[in-house]
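First comes the structure, then the notes that go with it.
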Amino acid sequence: MSLIEPFYTTLNHQEGRLQPTGQVIQRYLSQMKNMYLDEGAYNQIMADEEDRLIYEVFNAPDIPQVAGQILHCTTVIYPGRIGQEFHMTKGHFHAIRDRAEIYVGLNGEGYLLLMTDDGEAREIVLAPGVVAYIPPYWAHRTVNTGDQPFSFLSAWPGDAGHDYGSIETSGFAKLLIEQAGKVAIVDNPQYAR
Ligand code: PAN
Ligand code: ZN
């Protein structure tokens, strides 16, 4: 491994951003086609709004993506729903499945959903100050269940990589929806492992 310079970033808890920031990833609804259950609601939003920014990722600058390094970033998920389903991240397994991760809740209201290959599911309320441990082998997705931006900090091994394809194909076992004004966790009728 090559020697890189020590550095720091400053975390803005209110905005959920790292300063200075490296690569910024913006995820729009159009990049999440077929990930939300309600296809009619998806099409309506795409017709009315053209597209919608669902979340942004602010990576710490210039860390090589190799074993031994610790990548880290913040994520901000903007509030809203697609039909009954709350705005969420794409979700992924790590490409090297036995790589773990830590999430720290910063601001807003949201959940961390976890799932194994067998569709075994768990959830953690990622309130501000909550430090969640994502063990090796667990896929993870976050969901904004509030009406303000929901943000959290993540740190994970440099060689972990991201496998988005598995979730794109199978979906997530559980969905977070609004039901009679409340947050409900329900089985995903389209989940197919
Ligand atoms: C996080 C996620 C981030 C965005 O940094 O990558 O919250 O979610 P998606 O990657 O599912 O779009 C992480 O888990 N890194 O490994
Ligand atoms: Zn991850």
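The values are calculated or read from the model by the stated rules, or taken from the named source; none is laboratory data. Note that the coordinates shown come from a computational prediction; the quantities given were computed from them, not determined experimentally. Cβ coordinates were reconstructed from backbone atoms using ideal geometry, including for glycine residues, and neighbour counts include every protein chain displayed. Heavy atoms of the whole protein, side chains included, go into the accessibility calculation; ligands, DNA and RNA do not. Shrake-Rupley method; radii C 1.70, N 1.55, O 1.52, S 1.80 Å.
Leu106 - would you say it is more than 10 Å from ligand 1 (Cβ to nearest atom) and either touching a Phe, Trp or Tyr at 6+ places or on another chain (Cβ under 9 Å) or on the phi > 0 side of the Ramachandran plot (or both)? Against the criterion (more than 10 Å from ligand 1 (Cβ to nearest atom) and either touching a Phe, Trp or Tyr at 6+ places or on another chain (Cβ under 9 Å) or on the phi > 0 side of the Ramachandran plot (or both)), Leu106 qualifies. Residues of the range 75-104 that are surrounded by fewer than 16 Cβ atoms within 10 Å (Cβ to Cβ) and of a type in the set (A, V, I, L, M): Ala95, Ile96, Ala100, Ile102. Among the residues of the range 112-157, those identified as away from ligand 2 (no atom under 12 Å from the Cβ), open to solvent by less than 50 Å² (accessible area, probe 1.4 Å) and polar (S, T, N, Q) are Thr116, Asn144, Thr145, Ser151. For the range 29-74, a tally of residues being open to solvent by 50 Å² or more (accessible area, probe 1.4 Å), β-branched (Val, Ile, Thr) and within 13 Å of ligand 1 (Cβ to nearest atom) returns 1.
Every residue, every condition in (1) more than 26 Å from Ala67 (Cα to Cα); (2) assigned to a strand (DSSP E or B), yes or no:
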{"position": "Ala132", "(1), (2)": "no, yes"}
{"position": "Tyr137", "(1), (2)": "no, no"}
{"position": "Gly146", "(1), (2)": "yes, no"}
{"position": "Asp159", "(1), (2)": "no, no"}
{"position": "Thr169", "(1), (2)": "yes, no"}
{"position": "Phe172", "(1), (2)": "yes, no"}
{"position": "Glu178", "(1), (2)": "yes, yes"}
{"position": "Val186", "(1), (2)": "yes, yes"}
{"position": "Tyr191", "(1), (2)": "yes, no"}
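Selection of first residues in the range 81-99 that are over 14 Å from His140 (Cβ atoms) and among the charged types (D, E, K, R) and of second residues that are away from ligand 2 (no atom under 16 Å from the Cβ) and assigned to a loop (DSSP other than H, G, I, E, B), restricted to Cβ pairs under 6 Å at least 6 apart or on distinct chains, gives the following pairs, ordered by first then second residue: Glu85/Tyr36; Glu85/Leu37. Listed conditions (1) surrounded by 14 or more Cβ atoms within 10 Å (Cβ to Cβ); (2) within 16 Å of ligand 1 (Cβ to nearest atom); (3) closer than 23 Å to Gly91 by Cα are all met by Thr9, apart from (3).
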